[in-house]
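A.B. asks: Have a look at this one.
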């Protein structure tokens, strides 16, 4: 937001001033090296077909039906048949659904669980308590509550289960939280068998906040229906015994669900256009001023939709290697109608690269929604075959338009197809997507991330396998799950090389799409591809949440009869060992580069020279991307040791405090 950017700029200037004053202590040169864009930042990326492999062609409009696909891609644990009516005047939804669930385990299941996510917007919920009613710069409007109420729950034989329901709070015991409901089934579901339940429900939409709600006549329905929890089998994600994976809706958490089939009928006013997961199976029917859409999606783990009478609609067909044929559909706020070419180019280019790098996009549609400015809380979110771009705040956005969209399209692979558990290992989606986003922006637009600057924002490193609500704060969650997760993958890439990293990412995607893997599964892929053990790496950066800190601790130079005797002490505090280079610069202009494998916690370099040592620098090319304290990578020799130590410590504390204020 503008105020936050202004604060960051002031803090940035303050940090620069501190470092300028520290010239005599050897930090000024390090500052220049730290914040300069290295010439070698653009790594070689796999080539992809040009996004114009198929020329755009005119389509009749948004209501053209498509045919079903024959292939079965997932285990299809759930099948939903939903009918929902939008009450646009009262901001409400009325729904009915029939849900069939197949027991994937080896034990009979007697208890059943449903996520009721819209209750996160009800007073007293865990989500509102943890988030403080704020998320990603948006604030919930006072009095704008949301909720979902189950009004009917029956078996196919007509037996009501409503007296059996109970709200459960396995994470925090908050009795006011109603985002997870449980009930006992009349008969246990045997392994491999199914149960079918019928439900009726009512949803009160909040003003758009945290991915859901209404803003004028714009509606975003995300996580809007009663949704079956995931029953994990033994061995899945390292689980010892089978059972339900149960969590409430938290301030930081996103979602986790089984793959299945969705058939959803959406009833809206006749003037509305509807964007949704999947595709239309037949042309909409119109009656009494209402329009009814029937959408269908296979092998997806969620269903979202959006509606507005104001959408500007654009559609083009597209194919390239790995993208056999996709209808890209844009639903654009009128303020951005003249930017349709930018949106389409970003979507096509991102899909083309992803298909080339990782594998096939198996769906026939990709819908992109551009929310209005008043619906900002709906922007920048991913759902199967549907994403929301950043909201239309002005008519001339910068690269945030492309960056947000390619990020959300990348989610189609890591969130949509690999489908990790975002409650428990959010970095496997957000970190992988942020890493891929950087690759896409560099390859398509030549826009590079300044990784040393980003690493300096890591003021609170925490384990990446923490449950999402266990992080120290929402800022700590974002700092680790998005940024540090991305840097862990980048660090791995720096150590194995671009070609091997590309193979690792493609192998992981191909092996675990539709499988809900854990980070241990990713580690197995890394070790299988590289034929090396990576326990230290994953222990330090995933399980323990460390950052790397390579530093030049001290320099001693002594005059001898034949010249000078120099001693340089370098250290590694935290992180896992990785090779680094050391640059030694002498007063007569001569220089020497040495290598250190980092296996030990410290190394003492002793050497004789005809000229005294001027300074030493470790990792001068910023290859150790997880080093968040670059200021101690450089040290001049002439500062007396006591003075150097005293001032270096105070400067380090000041800089860490400033960067801590700027981070996220």
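A.B. asks: Identify all residues within region 398-414 that are out of contact with any strand residue (DSSP E or B) (no Cβ under 8 Å at 6 or more places or on another chain) and either crowded, with 19+ Cβ neighbours inside 10 Å or in a helix (DSSP H, G or I) (or both); write none if there are none.
C.D. replies: Looking only at region 398-414, we keep the residues that are out of contact with any strand residue (DSSP E or B) (no Cβ under 8 Å at 6 or more places or on another chain), and these are 398-404, 406-407, 410, 413-414.
Listed by number, the residues that qualify are 400, 401, 402, 403, 404, 406, 407, 410, 413, 414.
A.B. asks: Given the options 79, 96, name the one that is in a strand (DSSP E or B) and farther than 17 Å from residue 222 by Cα.
C.D. replies: The match here is 79.
Quick grid of which residues meet (1) assigned to a loop (DSSP other than H, G, I, E, B); (2) free of Cβ contacts under 8 Å to residues at least 60 places away in the same chain; (3) closer than 21 Å to residue 481 by Cβ; (4) more than 19 Å from the chain's Cα centre (by Cα):
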site: 522; (1), (2), (3), (4): no, no, yes, no
site: 528; (1), (2), (3), (4): no, yes, no, yes
site: 540; (1), (2), (3), (4): no, yes, yes, yes
site: 561; (1), (2), (3), (4): yes, yes, no, yes
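Let's see how each residue does on (1) surrounded by 15 or more Cβ atoms within 10 Å (Cβ to Cβ); (2) in a strand (DSSP E or B); (3) out of contact with any strand residue (DSSP E or B) (no Cβ under 6 Å at 6 or more places or on another chain); (4) at pLDDT 95 or above:
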{"residue": "296", "(1), (2), (3), (4)": "yes, yes, no, yes"}
{"residue": "299", "(1), (2), (3), (4)": "yes, yes, yes, yes"}
{"residue": "303", "(1), (2), (3), (4)": "yes, no, no, yes"}
{"residue": "307", "(1), (2), (3), (4)": "yes, yes, no, yes"}
{"residue": "315", "(1), (2), (3), (4)": "yes, yes, no, yes"}
{"residue": "318", "(1), (2), (3), (4)": "yes, yes, no, yes"}
{"residue": "327", "(1), (2), (3), (4)": "yes, yes, no, yes"}
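A.B. asks: Regarding residue 277, is this residue within 23 Å of residue 85 (Cα to Cα), in contact (Cβ under 8 Å) with a residue 60 or more places away in the chain, surrounded by fewer than 16 Cβ atoms within 10 Å (Cβ to Cβ) and touching a strand residue (DSSP E or B) at 6+ places or on another chain (Cβ under 8 Å)? Lay out the reasoning, then the answer.
C.D. replies: Working: within 23 Å of residue 85 (Cα to Cα): yes; in contact (Cβ under 8 Å) with a residue 60 or more places away in the chain: yes; surrounded by fewer than 16 Cβ atoms within 10 Å (Cβ to Cβ): no; touching a strand residue (DSSP E or B) at 6+ places or on another chain (Cβ under 8 Å): yes.
Criteria not met by residue 277.
A.B. asks: Additional query: Kindly indicate whether any position in region 244-253 is in the same structural domain as residue 377 (by TED's automatic domain parsing) and in a strand (DSSP E or B).
C.D. replies: Yes, the conditions are met somewhere in region 244-253.
A.B. asks: With the structure loaded, tell me whether residue 376 is assigned by TED's automatic domain parsing to the domain that holds residue 252, more than 16 Å from the chain's Cα centre (by Cα) and farther than 24 Å from residue 468 by Cβ or whether it fails that test.
C.D. replies: no
A.B. asks: Step by step: first the residues of region 131-172, then only those that are farther than 25 Å from residue 94 by Cα and in contact with a helix residue (DSSP H, G or I) (Cβ under 6 Å, 6 or more places away or on another chain), then the one that is modelled with the highest pLDDT. Which residue is that? Show your work before the answer.
C.D. replies: Restricting attention to region 131-172, the residues satisfying the condition of being farther than 25 Å from residue 94 by Cα are 131-139, 169-172.
With in contact with a helix residue (DSSP H, G or I) (Cβ under 6 Å, 6 or more places away or on another chain) added as a condition, the list becomes 138, 172.
Numbers: 138: 84, 172: 97.
The selected residue is 172.
A.B. asks: Could you check, for region 418-431, whether at least one of its residues is surrounded by fewer than 21 Cβ atoms within 10 Å (Cβ to Cβ), out of contact with any strand residue (DSSP E or B) (no Cβ under 7 Å at 6 or more places or on another chain) and at pLDDT 95 or above?
C.D. replies: Yes, region 418-431 contains a residue that is surrounded by fewer than 21 Cβ atoms within 10 Å (Cβ to Cβ), out of contact with any strand residue (DSSP E or B) (no Cβ under 7 Å at 6 or more places or on another chain) and at pLDDT 95 or above.
A.B. asks: Being farther than 17 Å from residue 277 by Cα and in the same structural domain as residue 99 (by TED's automatic domain parsing) narrows it down to one residue among 333, 299; which is it?
C.D. replies: One residue alone meets the criteria, 333.
A.B. asks: Related question: Could you check residue 101 against (1) outside any loop (DSSP other than H, G, I, E, B); (2) surrounded by fewer than 19 Cβ atoms within 10 Å (Cβ to Cβ); (3) touching a strand residue (DSSP E or B) at 6+ places or on another chain (Cβ under 6 Å) and say which number it fails?
C.D. replies: All conditions are met except number (2).
The values are calculated or read from the model by the stated rules, or taken from the named source; none is laboratory data. Bear in mind the structure is a predicted one, so any value in this text is a computation, not a measurement. Every residue, glycine among them, receives a Cβ derived from its backbone with ideal geometry; neighbour counts consider all protein chains shown.
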